[in-house]
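Chemist: Handing you this structure, nothing more for now.
The values are calculated or read from the model by the stated rules, or taken from the named source; none is laboratory data. From a predicted model like this one, the values you see are computed outputs, not experimental measurements. Cβ coordinates were reconstructed from backbone atoms using ideal geometry, including for glycine residues, and neighbour counts include every protein chain displayed. In case anyone asks, the SASA skips ligands and DNA or RNA and just uses the protein heavy atoms, side chains included. Shrake-Rupley method; radii C 1.70, N 1.55, O 1.52, S 1.80 Å.
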Amino acid sequence: MADNHDDEQHNIQFEGTSSGASTTFPMQCSALRKNGHVVIKGRPCKIVDMSTSKTGKHGHAKVHLVAIDIFTGKKLEDLSPSTHNMDVPNIKRVEYTLINIDDGFMNLLDADSNQKDDVKVPEGELGQKLEAEFDDGKDLLVTVIAAMGEEAAISYKESPKTD
Amino acid sequence: MDYPTALATIEKACAEAQHPTTRLQAEKVLIDFKQSANIVPVCQYLLANSNTPSVQFHAASGITGAIVREYGLYQKQDIHNLQRYLINYNLEHPRLVPWVAKQIYQAIAVISKRGWLEASEAEQDVVYNDIRHLLSTNDQQKKIGLALAHAMVDEFSSRGKASSVGLTWDFHYKTKNSFEERHLRLLFEATLTILHEQLRDLMSIPGQEVSGSQKPLLSLSIILLESILQWDFATTSQPVLAGTFADDEDDFSRTIVYPASWRPVLVNADVLSMFFTLFPLIQDDNIMTHRVRQCLIQLCGLHGAIFENEAATVHHISGVMNGLLALINNVASCSSDECLQADYTENMIAITEMIRQLLSFHSIQTICAVPEKFDFLNQVALLTVHCLSESSKVPEESESLMGAFDELLVTWVKLVQDSQAAISDHNSPALVADATNLLQFFHSVSYRIVEKYIDTRLELAKFNALVDEESDGFQDWETYGDQLISIAALARLDPHNTLLRLQGLLHDRIERLQSFLSTTHDGNHPDYVVYIYEHLHWLIVITGYVFADNNIGETALIPETLNEVSKTQALAQDQLINIFSNLMSLLDSVSLDSHSAQAISCSPQVALSLFWFLERWVKTYLFASPENYAALSPNLVQAYGDASQGGKGSSILEFLVAKLRINFIMWNADPDVLIQIIALLNTFGQRAPVRNTLLQSEQFPPLVGFFIDHLSILPEVIHNSLIQSITAIISYAPTEQVNGHYFGLISAAIETRFAAVLHDKDLMTKYQSSEVMSQIMNGLEMFNGLALALTDINTPMIYTFCSRFFESFVNLVRIYSNFPEVQILVLNLYTDLIKHLEFTSLTPEQVSYFHTCLLSLLQTFSNANLGKKRASSWEEAEDEPYSDVSVVLEMLLSLLEVLGVDQMLAHSPNAVLPSTVVFSGINILIPMIKENMLKIPRLCTLYVRLISKLVESYPGRLVELPGDLLNNLMASLKFGIDHNILEVSHLTFQAITAMALYACNASLHHPAEYLAGLRPHLDEFLKLTFEQLLFKKLDMELVDVAGSCVLALVCARQEAYGGLIEQLLAASETPLTPELQQRLSDSFQHLATAFPTSDIVGQRALTPRDIAMTPARREIFLRFLMGVRGVLRVK
């Protein structure tokens, strides 16, 4: 898994400027879902594994979470009593049309033709493939995920042909 | 290279091989040297002139290699001289380091084995005679004789110790059998003589140090004897598939059945007593002790043809019992803290194994005839109790000693059952009397063991209760299930005393807990409370096992002896009823308001155990119907029976439902407890009287509302199963009216929650909000719960309700095109609908509509995901990677497994057929499957299962597929043939068989070009299948499927078959001598007799029966495999 230090430095957090809707909400640990999201060590994460354990045979359940930071791909873990509340990030996923790639940043257009230029090309193999396909002249749709003031492209596909 | 130069080179290389910087180069020099031609004289020169052990070692292994490689170039006399030279070399060099000496012995053995089959008996005897001679001279020579004998035994054995010499399986097999017949027993006898001398010596000077280095002859002879006793005898071992070589690791000890010819040496009181006498004398040496224990275990387990008659058997058992009595006294009089830990435990385990071996192979009649039986069994009973006491003393040894206890427990239960069977089977009066006597004895023993077991479990709490170790996910009643079943069997021999003990302990611990709970106010609890919880947990578990068996699928009955006890007791004194009341008072005390301080100090494990107990108890006791018993105890009828019989079962059920609800809230964050409570709910649903009473109860409607209202705060893992349980209970309501009423209740509850979100006009703007998503996902899971509860009875009702939402579900996949978590839930829901809908109780229109929705679901899913690139490293981090792919796989597979739909839709010309959906799905799926996904066993198995099923179900559609797709499918099958997951190979052979059969039949009424696309693939399969059969590792379990596959392929591709075999054989590693060619050709001719005959092939359509593996065909096929694999498989 690539460690994206650069990415972290480039992403400036705009917590103060959010529209007022809170970036997270609380949920009892036991009610979290696998494939759902959770905040661990201040980072928004996707839960990839969830199991319960106990402290001692007659202790109360604890939830062991394994999750990956949705922006850096870094694996994070957490162990909390199952009755405790944890923060769940509000996640937004938007699909954009890719217009151009400019110095590692993508020029994107949303469904209402608003331009957006502040999302980086993803790191690693995904980003390389994306650039290559874009250079081949393919029309690409990029999915950008946003949570807790950060954004990143997580997947892309060729836009469906309209005859 | 002259000899001195060679010596210098090898000396240098051996020295350089010690240093990391020069190692690689030096090793290459050594390998090149050993592979060069005609090196035997050079090696002899090295042996004679070097004192460096590693040079000597390489010289010896060089000789072995050369002989194996160039055997044909040597004269027999040269070979014998070489052998003699090597033996003398060892004699002349008594101070050789052990690994060099061993390499030389191995060289002698390999040379002997290599020439074995061509040698005359006299020539075969050369090494044996040398050994006999060595064993009859001085100590040094005896040592060499024993070591050489051991090398011979290893080299000729089939246990994976033989060197790889590039020869056929047949060769290894024949040499082993010949050696076994001619020399093995004689070597055993000669070694026994040495052991006897050594033992005499040991006893003549008491108190001497006994260790392998001080007593090399003793140690070597013991090791050799043990090796021989582990021999896999050709006459008595399981038949192996030709060409199967044992793995090196395949070395576990097992009970060997010895041939009758070994009678004089094994059924021999002197031999037996020699080992028993030896055992205590060699305790200072771990290795010798271990080997002697293994020998004794084999001697204790002697059975079968080795005994001439019953009297001999009885005599032998009696000898073993006497020997064991001394050992048992020895170990039972000593406590683990006095003795050396490891030895103590290992001895205990070995002795229990000896006892089990002794008692498990003989009939009750034989055992009854042994005069010492009661003395012996009495000692075994003491040992059993002793074993339990010791296991609670030292935590590290506890599990091992419990293992030893298990051996004894299994033996007791077997003896009890055998005696009971001997009595009930109308045997001779004498035998019945003997068995009754024995049973009487077991009666008195059983309670002693049960009582000690209960005490030990409570004692062990001090090790287990506070330990903070990672749980393996299994509950104690699963981990110790076998042990508990046996304990229950013994307990039921004397139920009164067992129940008395359980009740006393329960009463005491419950009182102590109640008194603690009534005083605690801060949620903390001292350690003693944890011990009480651990005690209660074990008492509940043991009670559960004693009270009832875990019957699945049949009516659980109250154990006979418990029913009898209950009949003899007054209601107020009834032990069964009082213990249950105790447990219910415990349940009452620990069912608390979740916010109270007391609740925080409660044990979820105890709650879990109680609900586990109730699951068993409800199955067996609640509303137990007297019709199932000759005479059911009136107490039980009165306490737990139906109101119509004056029973109070309903009030118990009401109590349980109330407690269940409290515990559901109390443990809402503990999935384990919730899952167990749902299991209890399922039990309510499975038993008609319980279910009907529950449905009539006023508590039920609020219970349903309660579950649905609280679903969102409950753990995800229980969502589906909770709705499933409730739906199942409702589905079997006694009248349609009640049924409709409740289903209306539950469906309305789901609909109001789900439809409100779904039809919200602002959905598109807020579908990503966490609240909306959570409602959508919970809603989908409730539908999934309904799908899981589908049966033939409720299918129309549930279908009608769900189908109103089918298109909405598909729409959700479109809306949530970037949310795999939602898509997976929808796919799962559809998959469970496919799996559980009873299609035959729907109309063709309904089925067709369902298929239309499936098509549209697959298309929508494909639009959302096809060509989407994600970072694969993320995917791999998941617990279940590629879950979307695996759920589509599962969906299509389930669809293929539905039966009868095609016939149903046969008369509806416009209906959408399942095959249409499947092929559309395959088109979408195949491009999504990437090679790295198939490295994940679960995905790989699912994928091959799907492809095989597809090929089997629709072979005719294959020819219509686009070339790319067909090639892709066929490539998956080629990949599956020699896959290391057995199931994958199995499925692959089945699929190829179906395809070949289809091709065979299609050629009857289609022109040749019709099959043009399939033919190259079939030829390839024919080749791959034969390669597998002739040259590669083959699992016995694949023989049948592979056999049918061969028959089908040969019928389909007769043209390709002929030339193929010659081509394959030409590529064999074994040089094909004329003799071998004859054997192979005979084998193939013999195989042809299994093929369907020419009056069928090409004349009419073949059915699977025509190529099925009948016993006759299997025999032909196995003989064929023996014929070819014996000479083509090489080690």
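Chemist: Of everything in the range B:11-43, what is within 14 Å of B:Gly65 (Cβ to Cβ) and assigned to a helix (DSSP H, G or I)? Give them in sequence order. Working first, answer last.
Modeler: Going through the range B:11-43, the residues within 14 Å of B:Gly65 (Cβ to Cβ) turn out to be B:30-40, B:42-43.
Across the range B:11-43, the qualifying residues are B:Leu30, B:Ile31, B:Asp32, B:Phe33, B:Lys34, B:Gln35, B:Val40, B:Val42, B:Cys43.
Chemist: If you check B:Ile131 against the conditions, is it at pLDDT 90 or above, over 43 Å from the mean Cα position of the chain (by Cα) and surrounded by 22 or more Cβ atoms within 10 Å (Cβ to Cβ)? Can you show your working first?
Modeler: Details: at pLDDT 90 or above: yes; over 43 Å from the mean Cα position of the chain (by Cα): yes; surrounded by 22 or more Cβ atoms within 10 Å (Cβ to Cβ): yes.
Against the criterion (at pLDDT 90 or above, over 43 Å from the mean Cα position of the chain (by Cα) and surrounded by 22 or more Cβ atoms within 10 Å (Cβ to Cβ)), B:Ile131 qualifies.
Chemist: With respect to B:Gln294, determine if the residue is polar (S, T, N, Q) and modelled with pLDDT of 90 or more.
Modeler: yes
Chemist: Answer yes if at least one residue in the range B:755-768 is over 29 Å from A:Ala147 (Cα atoms), of a type outside the set (Ser, Thr, Tyr) and either within 14 Å of chain A (Cβ to nearest Cβ) or part of a helix (DSSP H, G or I) (or both), and no otherwise.
Modeler: no
Chemist: Give all pairs with beta carbons closer than 6 Å in which a residue from the range B:321-335 that is under 17 Å from B:Ile282 (Cβ atoms) meets a residue that is aromatic (Phe, Trp, Tyr); count only pairs at least 6 apart in sequence or on separate chains.
Modeler: Correct list of pairs: B:Gly323/B:Phe276.
Chemist: Also, quick follow-up: I'd like to check something: does the range A:104-121 contain any residue that is touching a residue at least 60 places away in the same chain (Cβ under 8 Å) and within 13 Å of chain B (Cβ to nearest Cβ)?
Modeler: Looking for residues that are touching a residue at least 60 places away in the same chain (Cβ under 8 Å) and within 13 Å of chain B (Cβ to nearest Cβ), one finds none in the range A:104-121, hence no.
Chemist: Residues in the range B:831-850 that are open to solvent by 30 Å² or more (accessible area, probe 1.4 Å) and not acidic (Asp, Glu): how many?
Modeler: Number of matching residues: 8.
Chemist: Are there any pairs with C-beta distances below 7 angstrom linking a residue in the range A:35-58 that is at the interface with chain B (Cβ under 7 Å from one of its Cβ atoms) and under 24 Å from B:Pro881 (Cβ atoms) to a residue that is among the polar types (S, T, N, Q) and surrounded by fewer than 20 Cβ atoms within 10 Å (Cβ to Cβ), with the two at least 6 apart or on different chains, and if so which?
Modeler: Pairs found: A:Ser53/B:Ser471.
Chemist: Has the range A:80-93 got at least one residue that is open to solvent by 40 Å² or more (accessible area, probe 1.4 Å), more than 12 Å from A:Lys46 (Cβ to Cβ) and of a type in the set (D, E, K, R)?
Modeler: Taking every residue of the range A:80-93 in turn, at least one turns out to be open to solvent by 40 Å² or more (accessible area, probe 1.4 Å), more than 12 Å from A:Lys46 (Cβ to Cβ) and of a type in the set (D, E, K, R).
Chemist: With the requirement that a residue be more than 20 Å from B:Ile355 (Cα to Cα) and either modelled with pLDDT of 95 or more or among the aliphatic types (A, V, I, L, M) (or both), what does the range B:408-446 give you?
Modeler: B:Ala421, B:Ala422, B:Ile423, B:Ala430, B:Leu431, B:Val432, B:Ala433
Chemist: Could you run through the range A:123-133 and say how many residues are modelled with pLDDT of 90 or more, facing another protein chain (nearest Cβ under 9 Å) and either open to solvent by 20 Å² or more (accessible area, probe 1.4 Å) or part of a loop (DSSP other than H, G, I, E, B) (or both)?
Modeler: So the count comes out to 2.
Chemist: Could you please let me know if A:Asp87 is in a strand (DSSP E or B), more than 27 Å from B:Lys462 (Cα to Cα) and at the interface with another protein chain (Cβ under 7 Å from one of its Cβ atoms)?
Modeler: No; evaluated as a whole, the condition is false for this residue.
A quick yes/no check of all residues on (1) buried (at least 21 other Cβ atoms within 10 Å of the Cβ); (2) in contact (Cβ under 8 Å) with a residue 60 or more places away in the chain:
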residue	(1), (2)
B:Leu825	yes, no
B:Thr852	no, yes
B:Glu880	no, no
B:Leu892	yes, no
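Residues are listed down the side, and each one gets a yes or a no for (1) in a helix (DSSP H, G or I); (2) touching a Phe, Trp or Tyr at 6+ places or on another chain (Cβ under 8 Å):
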| position | (1), (2) |
| --- | --- |
| B:Leu484 | yes, yes |
| B:Leu499 | yes, no |
| B:Gln503 | yes, no |
| B:Ser515 | yes, no |
| B:His521 | no, no |
| B:Tyr528 | yes, no |
| B:Val541 | yes, yes |
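Chemist: Out of A:Glu95, A:Glu151, I need the residue that is facing chain B (nearest Cβ under 9 Å) and out of contact with any helix residue (DSSP H, G or I) (no Cβ under 7 Å at 6 or more places or on another chain). Which one?
Modeler: Going through A:Glu95, A:Glu151 in turn, just one is facing chain B (nearest Cβ under 9 Å) and out of contact with any helix residue (DSSP H, G or I) (no Cβ under 7 Å at 6 or more places or on another chain): A:Glu95.
Chemist: OK, next. Select from the range A:59-78 the residues that are touching a residue at least 60 places away in the same chain (Cβ under 8 Å) and not in a strand (DSSP E or B) and write down the one among them that is nearest to the other protein chains (Cβ to nearest Cβ).
Modeler: In this case the residue turns out to be A:Gly73.
Chemist: With a cut-off of at least 1 residues that are open to solvent by 10 Å² or more (accessible area, probe 1.4 Å) and among the aromatic types (Phe, Trp, Tyr), name the helices (runs of 4 or more DSSP H) lying wholly within the range B:561-639.
Modeler: On the way: elements: B:575-589, B:597-600, B:604-620.
It comes to B:604-620.
Chemist: Next up: Kindly indicate which of B:Tyr89, B:Tyr85, B:Tyr74 is free of Cβ contacts under 8 Å to residues at least 40 places away in the same chain, among the aromatic types (Phe, Trp, Tyr) and under 20 Å from B:Ala109 (Cβ atoms).
Modeler: Selected residue: B:Tyr74, the only one of B:Tyr89, B:Tyr85, B:Tyr74 that is free of Cβ contacts under 8 Å to residues at least 40 places away in the same chain, among the aromatic types (Phe, Trp, Tyr) and under 20 Å from B:Ala109 (Cβ atoms).
Chemist: Let me ask something additional. Quick check: is even one residue across the range B:603-620 over 30 Å from B:Tyr528 (Cβ atoms), in contact (Cβ under 8 Å) with a residue 24 or more places away in the chain and not hydroxyl-bearing (Ser, Thr, Tyr)?
Modeler: yes
Chemist: Related question: Mind counting the residues in the range B:787-811 that are over 16 Å from B:Leu758 (Cβ atoms) and of a type in the set (A, V, I, L, M, F, W, C)?
Modeler: Taking the range B:787-811 and keeping what is over 16 Å from B:Leu758 (Cβ atoms), we get B:787-800.
Now drop any that are not of a type in the set (A, V, I, L, M, F, W, C), which leaves B:787-790, B:793, B:797-798.
Total satisfying the criteria: 7.
Chemist: Just give me the residues in the range B:151-207 being acidic (Asp, Glu) and without any contact (Cβ under 8 Å) to a residue 60 or more places away in the chain, in sequence order.
Modeler: Answer for the range B:151-207, where residues must be acidic (Asp, Glu) and without any contact (Cβ under 8 Å) to a residue 60 or more places away in the chain: B:Glu155, B:Glu180, B:Glu181, B:Glu197, B:Asp201.
Chemist: Testing B:Thr1025 on (1) touching a residue at least 60 places away in the same chain (Cβ under 8 Å); (2) in contact with a Leu (Cβ under 8 Å, 6 or more places away or on another chain); (3) surrounded by 19 or more Cβ atoms within 10 Å (Cβ to Cβ); (4) polar (S, T, N, Q), one condition comes back false. Which one is that?
Modeler: (1)
Chemist: List every residue pair whose Cβ atoms sit under 7 Å apart, with the two residues 6 or more apart in sequence or on different chains, where the first one lies in the range B:699-723 and is away from chain A (no Cβ under 14 Å) and the second, anywhere, is open to solvent by 50 Å² or more (accessible area, probe 1.4 Å).
Modeler: Once the first residue is away from chain A (no Cβ under 14 Å) and sits in the range B:699-723, its partners that are open to solvent by 50 Å² or more (accessible area, probe 1.4 Å) give B:Gln699/B:Glu654; B:Pro701/B:Leu745; B:Leu703/B:Arg661; B:Val704/B:Leu745; B:Phe706/B:Arg661.
Chemist: Among the residues of the range B:273-302, write down those that are more than 18 Å from B:Ile228 (Cβ to Cβ) and touching a helix residue (DSSP H, G or I) at 6+ places or on another chain (Cβ under 8 Å). Please lay out each step first, then the result.
Modeler: Taking the range B:273-302 first, the residues more than 18 Å from B:Ile228 (Cβ to Cβ) are B:273, B:276-277, B:279-286, B:289.
Selection gives B:Ser273, B:Phe276, B:Thr277, B:Phe279, B:Pro280, B:Leu281, B:Ile282, B:Gln283, B:Asp285, B:Asn286, B:Thr289.
Chemist: Looking at the range B:511-524, can you tell me whether even one residue there is open to solvent by 40 Å² or more (accessible area, probe 1.4 Å), over 38 Å from the mean Cα position of the chain (by Cα) and within 14 Å of chain A (Cβ to nearest Cβ)? Full working, then the answer.
Modeler: Restricting attention to the range B:511-524, the residues satisfying the condition of being open to solvent by 40 Å² or more (accessible area, probe 1.4 Å) are B:511-512, B:514-515, B:518-519, B:521-522, B:524.
Retained after the next criterion (residues that are over 38 Å from the mean Cα position of the chain (by Cα)): B:511-512, B:514-515, B:518-519, B:521-522, B:524.
If we keep only those that are within 14 Å of chain A (Cβ to nearest Cβ) as well, we get B:524.
Within the range B:511-524, one or more residues are open to solvent by 40 Å² or more (accessible area, probe 1.4 Å), over 38 Å from the mean Cα position of the chain (by Cα) and within 14 Å of chain A (Cβ to nearest Cβ).
Chemist: Hey, among B:Asp472, B:Asp434, which residue is within 14 Å of chain A (Cβ to nearest Cβ) and of a type in the set (Asp, Glu)?
Modeler: B:Asp472
Chemist: Also, I was wondering about something else. Condition first: charged (D, E, K, R), modelled with pLDDT of 90 or more and out of contact with any Lys or Arg (no Cβ under 7 Å at 6 or more places or on another chain). Can you find one or more residues in the range B:536-552 that meet it?
Modeler: yes
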